[in-house]
Amino acid sequence: MRSLDRKLSRDLWSLKSQVLSIALVIACGIGGFIGTFSTYESLVRSRADYYDSARFAHVFATAKRAPAVLAERIRAIPGVVEAETRVVRDAQLSIEGVSPPMIARLIGIDFAHLPGMNRLTLKGGRWPAPGTRGEVVVNQRFLEARRLRLGDRVQVLVNGRLERLTLVGTALTPEYIYATRGGGMPDDEWFAVLWIDAGVLAAAFDMEGAFNSATLRIAHGASLPAVIDALDRILEPWGGLGAVQREDQMSDKILTQEISQQRIFGTVLPAIFLAVAAFILNVVLHRQVNAQRGEIAALKALGYEDRWIAWHYLKFAAVIVLAGIAIGIALGAWLGNAMTGLYIDFFQFPRFYWRLPPWVALAGSAVAVAAAAGGALAAIAGVLRLRPAEALRPPAPAEFRPLLLERLGYAHLLTPAQRMIMRNIERKPVRAAVTIAGIAGSVAILLAGTFWSDALDYFIDVQFSRVMRADVSVGFAEPVARAVRWELERLPGVRQADVRRTIPARLRAGHRSYRTALTGVAPGDELQRIVDVELRAVEPPPGGVLLTTRLADRLGVAPGDTVLAELLEGKRLKVELRVTGTVREMAGMNAYLRLDELNRVAREGRVVSSAGLRVERAEEPRLLERLKAMPGAAVVIVSRTLLDTFRATSARNIIFFTTVLTIFAAIIAVGVVYNNARIQLAERAWELASLRVLGFTRGEVSVLLLGELALEIALAIPLGFLAGYALCGLMILLMTHQEVMEFPLVIFPATYAYAGAAVSAAGVAAALVVRRRIDNLDLVAVLKTRE
């Protein structure tokens, strides 16, 4: 056995570059699996720990104005273990030197007795003194995004009166891990959460002895739907807008979606890496064993049993796999830490740490070991069946037959070198197919990792140039007469104004329900359009409601069916609406009616709740100053600023993932091309040396070997494009359950070019290394080893 171990050491050293390339491919698969799944586990653990320590509420409810005495009735609901009420209002916020207005969510709390649910974690500064007017605590992310400091002042339009508030502390809360106004896009620069003294806020909005927000925690095993129904019945007479469970709370919904995406990434792409690694290892071992058939025969003739020889080659595979596992675990730890660091910018946790569950490392390693063992056993099975005398003879030469092009009469189209290349590929089609498949896999992986940038760019273009075509959007504190459109068009720089009416509603169909909003759209609305995935503008058909396809699927309805709409605003009517159509939008779970029909259904007259404005850019600052002074304009959003924030937030993450996957794909391409070239060089060394002796130059000899690789790369890249497109489609399909947005399957030509160029460059790099070995062939030594 010691002699076999010495042989193993010599084999590993002579094939050290191939061993390292295969180990790196295995490491990429294990590292990707460990990195993504450990990040997934870290997110799940961090969320659970934070939710438990901060006592995150299970149910959230809002109302117009409910008397404080209802709190006892809410606490008496069966299953409720804790309930808190508060005042929450949105208002315009402005900072000196920033023209566009921002939005502040004012939350009233008693700083002498901090809330028991959704607990605040003070990150800096101090709490305001109880009853102090003009001091607030701000969410930390807004302070950082706006580069503010504690002690700075902001202005907030509180119930028509401009208030100057001093920032005295920063805080985190599980309720706003992902701070957004509700559209699903990050609003760190334009949306602030301000905690203010409860008495001061109640007095400012005439809410003394009342509340408009309630949060509940329920007992383990209690019926969540029953608690929500009971809560809705209590708050309905007071303008209740319908309670939602934690899973429908916007911050938790977006966090859950990100965690789900992480699980998908951790399953699909690493699985491909490991499959390619097993594939390469199988090929390398198969050719290595075939190249050593004479040595194996000699070992068998000397009395070595088959099991010892098999164990020798299994150890050869094991060394490669163990090296890949060691590198992969280290790579996965680095990748997991880096990905966790990226999520810190998205989600605010007081304690956000990375952890590597043992099962993740063991699962990835087990897959790699199983793949390697299978490849090694498959490779040596055939040789071990040979008798020593038969194995000592060299393999029979390949049977000659004319090329397909020669049989068709087109041989004159090829040079002699090209005919030699084509003949070698045609004689060994399985080997060529194996190489092409491996390179195509690297192209597919690169596309699957980089197409997200294209999908986001396309999504942004559609949303901001075809759907949200308004330069400025205005939301009113209360519904106003439709004639406000003409008043808005008289403001500085406004060239056009379109209006809408939005009413929060719960749609029911049988036992299924979903809380959304009914949006009334005026015919011919150009600034806030409904656009399907085919980029066709759609208007709600008369006589019913138009649902997005995801909402229709959620409710289990189709055109012609009816849904019960419970309006959660105004007179709180319950009306049956006929589904007149569906539209596949990329964002949201929406329901649309014609504006007149929604006004009629709600029995409220000709009123609207929001407007979109097309504005001359030069006049935008004057317009924004006017809107800041309008008490009725509760929300003002400048589309350009929202777009810039969205791009800036997503750009760094996309660059990180693209860079990592480019490196991984390049490693696969190098591993496939280099190993294939090295094995072909070993198999054809005598042939190439003979050509050199006959007078062929180094370049001419290299063309015969590397030309075959170039042709295989040229064939693999378009196949990789097709496989990559299919893989992207699979990943999109796995994420179709998302409610916030639907990623489009869009891959721009530049991304195809990038993937092809990156893999080609990796192939060229591997080919240059092999070319150097061809140039350094010892002709005498090679020619002496033929027989």
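The values are calculated or read from the model by the stated rules, or taken from the named source; none is laboratory data. Keep in mind it's a predicted model, so treat the numbers as computed, not measured. Counting neighbours? That spans all protein chains shown, and the Cβs are built from the backbone with ideal geometry, glycine included. Just so you know, the surface numbers come from the protein's heavy atoms only, side chains and all, with ligands and any DNA or RNA stripped out. Shrake-Rupley method; radii C 1.70, N 1.55, O 1.52, S 1.80 Å.
Take the solvent-accessible surface of the protein heavy atoms, probe 1.4 Å, and return the percent of it on region 487-544 that carbon and sulfur atoms account for. Each step should come with its number before you reach the end.
On the way: 1090 of 2520 Å².
With neighbouring chains kept in place, the figure for region 487-544 is 43 percent.
Taking a ≥ b ≥ c as the square roots of the eigenvalues of the Cα gyration tensor of region 454-506, is the shape rounded (a/c under 1.5), prolate (a/b larger than b/c) or oblate? It would help to have the intermediate numbers written out before the result.
Working: a/c = 3.47, a/b = 1.44, b/c = 2.40.
Oblate shape, in that a/c is at least 1.5 and b/c is the bigger or equal ratio.
If you count only protein heavy atoms with a 1.4 Å probe, what accessible area per residue comes out for region 78-131, rounded to a whole Å²? Display every interim value, and only then the final one.
On the way: 2290 Å² over 54 residues.
On a per-residue basis, 42 Å².
If the only charges are +1 at each Lys and Arg Cβ and -1 at each Asp and Glu Cβ, what is the size of the charge dipole of region 201-261 around the Cα centre, to the nearest 20 debye? Could you put the intermediate results ahead of the total?
Working: 4 positive and 9 negative charges, 35 e Å.
Approximately 160 debye in magnitude.
If you work out Kirkwood radius over Cα pairs in Å from the coordinates, which of (1) 31.5; (2) 28.7; (3) 30.7 do you get?
(3)
Work out which chymotrypsin sites (Phe, Trp or Tyr not before Pro) in the chain are exposed loop sites (DSSP not H, G, I, E or B, at most 11 other Cβ within 10 Å) and give the longest gap free of them. It would help to have the intermediate numbers written out before the result.
Numbers: sites that count: Y353, F400, Y410.
That would be 411-787.
What dipole magnitude, in Debye to the nearest 20, does the chain give about its Cα centre under +1 on Lys/Arg Cβ and -1 on Asp/Glu Cβ?
Values: 91 positive and 74 negative charges, 334 e Å.
Dipole size: approximately 1600 debye.
In debye to the nearest 20, how big a dipole does region 1-68 give about its Cα centre with +1 on each Lys and Arg Cβ and -1 on each Asp and Glu Cβ? Intermediate values should be presented prior to the final figure.
Details: 10 positive and 5 negative charges, 12 e Å.
Charge dipole of region 1-68: 60 debye, to the nearest 20.
Report, by chain and number, residues whose modeled amide H sits under 5 Å from the one on T562, excluding near sequence neighbours (fewer than 5 apart, same chain).
Residues meeting the criterion, in which the H sits 1.01 Å from N, are V579.
With a 1.4 Å probe and all protein chains left in place, how much accessible area per residue does region 531-593 have, in Å²?
Values: 2630 Å² over 63 residues.
Per residue, region 531-593 has an accessible area of 42 Å².
Carbon and sulfur together cover what percent of the accessible area of region 290-364 at a 1.4 Å probe radius?
Numbers: 2360 of 3430 Å².
Looking at region 290-364 in its full context, I get 69 percent from C and S.
Within region 438-533, report the GluC sites (Glu not before Pro) that DSSP leaves as loop and that have at most 15 other Cβ atoms within 10 Å. Intermediate results must be reported in sequence, preceding the final value.
Working: sites: E487, E489, E526; in loops: E526.
Listed in order of number, the matching sites are E526.
To the nearest 10 degrees, how steep is helix 306-346 against the longest Cα principal axis of the chain, on a 0 to 90 scale?
So the inclination is approximately 20 degrees.
Just want the answer: with Cβ charges of +1 for Lys and Arg and -1 for Asp and Glu, which residue in A330, A505, V69 is farthest toward the dipole's positive end in the chain?
A330
Would you mind checking which residues have amide H under 5 Å from A63's amide H? H placed 1.01 Å from N; only 5 or more apart, or other chain.
Placed amide hydrogens put S213, L241 under 5 Å from A63.
Can you find, among Y725, P429, G160, the residue sitting farthest towards the positive end of the charge dipole of the chain, where Lys and Arg contribute +1 and Asp and Glu -1 at Cβ?
Toward the positive end, the furthest listed residue is P429.
Which listed residue (L643, W686, A440) has the Cα farthest towards the positive end of the charge dipole for the chain, taking +1 on Lys and Arg C-beta and -1 on Asp and Glu C-beta about the Cα centre?
W686
Rule-of-thumb check for region 37-118: C-alpha Rg over 2.2 N^0.38 Å? Mind dumping the intermediate values first?
Values: Rg = 17.6 Å, N = 82, 2.2 N^0.38 = 11.7 Å.
Dividing the Cα Rg of region 37-118 by 2.2 N^0.38 Å gives 1.50.
Could you name the lysines in cross-link range of K571, using Cα to Cα under 22 Å and dropping any fewer than eight places away on the same chain?
In chain and number order, the partners are K64.
Search the structure for amide H atoms under 5 Å from the amide H of A171, placed 1.01 Å from N in the peptide plane, and list their residues when 5 or more places away or on another chain.
Answer set, sorted by chain and number: K123, V138, N139, Q140.
Can you run phi through the Karplus equation (6.51, -1.76, 1.60; θ = phi - 60°) for region 540-548 and list ³J(HN,Hα) in whole Hz, with x for Gly and Pro?
The phi angles translate into x, x, x, x, x, 10, 9, 10, 5 Hz.
Sum up the charges of everything whose Cβ sits under 9 Å from the Cβ of L527, counting Lys and Arg as +1 and Asp and Glu as -1, but leave L527 out.
On the way: positive: R469, R529, R614; negative: D471, D498, D525, E526.
So the surrounding residues net to -1.
Provide the per-residue ³J(HN,Hα) series for region 234-244, in order, calculated from phi with Karplus coefficients 6.51, -1.76, 1.60 and θ = phi - 60°, each as a whole number of Hz, with x at glycine and proline positions.
Per residue, the Karplus-derived 3J(HN,Hα) values read 5, 8, 4, x, 10, x, x, 9, x, 7, 10 Hz.
Net charge near D232, counting Lys/Arg +1 and Asp/Glu -1 over other residues with Cβ under 11 Å of its Cβ?
Working: positive: R233, R506, R515, R572; negative: D229, E236, E566.
Net local charge, D232 excluded: +1.
If you fit an axis through the alpha-carbon atoms of helix 2-14 and take the longest principal axis of the Cα set of the chain, what angle between them do you get, 0 to 90°, nearest 10?
The helix 2-14 is inclined about 70 degrees to the chain.
What list of ³J(HN,Hα) values in whole Hz, one per residue of region 561-566 in order, does the Karplus curve 6.51 cos²θ - 1.76 cosθ + 1.60 (θ = phi - 60°) give from phi, with Gly and Pro shown as x?
The phi angles translate into 7, 10, 10, 9, 9, 9 Hz.
Hull surface divided by four, with the convex hull built on the Cα atoms of region 290-333: how many nm²? Don't skip to the answer; put the middle values down first.
Values: hull surface 14.5 nm².
Mean shadow area of the hull around the Cα atoms is 3.6 nm².
Need one number: % antiparallel among DSSP beta bridges in the chain, to the nearest 5. Walk me through the numbers before you get to the answer.
Values: 78 of 98 bridges.
Roughly 80 percent of the DSSP beta bridges within the chain come out antiparallel.
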